[in-house]
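Each remark here refers to the structure printed beneath this line.
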Amino acid sequence: MALSAALLAVPSTASAAAVTLPPVHAGFDYQIGGAYTPPAGVTVVSRDRAAAPAAGLYNICYVNAFQVQPGEEDDWDSDLLLRDANGKVVIDEDWGEALLDLRTDAKRKRVAAKVNGWIDGCKAKGYQAIEPDNYDSYTRSKKLLTASNAQAYIRLLSSHAHAQGVAIAQKNTSELAGSRVANGLDFAVAEECGTWDECGDYTAAFGNNVIVIEYTASGLKKACSGWGTKLSIVQRDVDVSPKGTSGYVRKTC
């Protein structure tokens, strides 16, 4: 019997299972800032790894895989925090997050061991996919990290996820979309690809297996105009506030 088109046979390891991809052009909600009851029509949800998945839906587990959540620096070995020539930890100033040091194979394996444990936790909770954020952190690393470092590391995560039967997304980083097969990435989660005219970069690599999050009305309009009949698209507030709290915004095409 033929596999559903939603299934992808993953050859990355001998023990790899088929993984289920999110349905395309689906109702989507981005809930990484806090879980709440999904609105009517939503069939795909992304939530933080600390949250439980939404019952009966396709659930994507958000993990901050390349940077450190504020206040969690002590959860990491000190030498795994990226440091400049003066020994100062390199920070993503927009979010106040320390970057992880992925410059050597040994360090990448140590970082991956921790993050792969989070992937296992997501799998145990019932998530079908992983969204490893900050793939593009090398662009904020003061030239200490490279795109090759990021790709070598994400291959460790994708191999582990596939061995667990879990799909893995490419988060942003359109410039690396063309290498998605070599890096073992199954679908894309693209922030503001409408705003920056990048949605086509993702569809060229992932087909319609692209989820779009916009943060402005103009970005939503552009994404919907070009891709509204093909991709899963939502506008959220930039803080991805839970429904019922101040600042909450959620709109669709």
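Bear in mind these aren't lab numbers, they're just calculated from the coordinates by the rules spelled out. These figures come from a predicted structure and were not determined experimentally. Cβ sites come from the backbone with ideal geometry, for glycine too, and all protein chains shown count toward neighbours.
Brief remarks on what is shown
- Cβ-based charge dipole, the stretch 7-251, positive-most Cα from Ala18, Pro132, Gly226: Ala18
- Descending semi-axes in Å of the stretch 7-251, equivalent ellipsoid built from Cα gyration tensor: 27, 21, 18
- Pairwise label distance in nanometres, Thr252 with Thr216, each label 7 Å out on the Cα-Cβ vector: 2.4 nm
- Magnitude of the charge dipole for the stretch 7-251, about its Cα centre and with charges confined to Cβ atoms of Lys, Arg (+1) and Asp, Glu (-1), is about 540 debye.
- DSSP beta bridges confined to the chain are antiparallel in about 25 percent of cases.
- Size of charge dipole - the stretch 73-190 - debye, nearest 20, with Cβ of Lys, Arg +1 and Asp, Glu -1, no other charges: 460 debye
- Summed over qualifying helices (DSSP H, 4 residues or more, each -39500 (n - 2.57)) and divided by its residue number, the chain shows a 222 nm mean residue ellipticity of -7500 deg cm²/dmol.
- Residue among Gly121, Leu100, Ala85 farthest towards the positive dipole end of the stretch 68-130, charges placed on Cβ: Gly121
- Over 31 Å (Cα to Cα) - which of Lys125/Lys243; Lys109/Lys143; Lys171/Lys221; Lys143/Lys243; Lys114/Lys171; Lys107/Lys221 fall in this group: Lys143/Lys243; Lys107/Lys221
- Counting only Cα atoms, the size of the stretch 87-189 along its three principal axes is 39, 27, 27 Å, in decreasing order.
- Percent RCO, i.e. relative contact order, over the stretch 65-199, from Cα pairs under 8 Å lying at least 6 residues apart: 21 percent
- Spin-label pair Ala113/Asn86, simplified geometry with 7 Å Cα→Cβ offset, distance in nm: 3.3 nm
- Check: the stretch 82-130 dipole with +1 on Lys, Arg Cβ and -1 on Asp, Glu Cβ, in debye: 380 debye
- Virtual spin-label span in nm between Asp239 and Ala55, 7 Å along Cα→Cβ: 3.0 nm
- Mean Cα-pair separation over length for the chain, i.e. relative contact order, pairs under 8 Å, 6 or more apart, %: 19 percent
- Summarising the amide proton neighbourhood of Asp92: residues at separation of 5 or more, or on other chains, whose placed amide H is nearer than 5 Å comprise Glu97, Ala98, Leu99.
- What the Cβ-Cβ distance of Asp77 and Thr139 gives, at R0 = 41 Å and to the nearest 0.05, is a FRET efficiency of 0.95.
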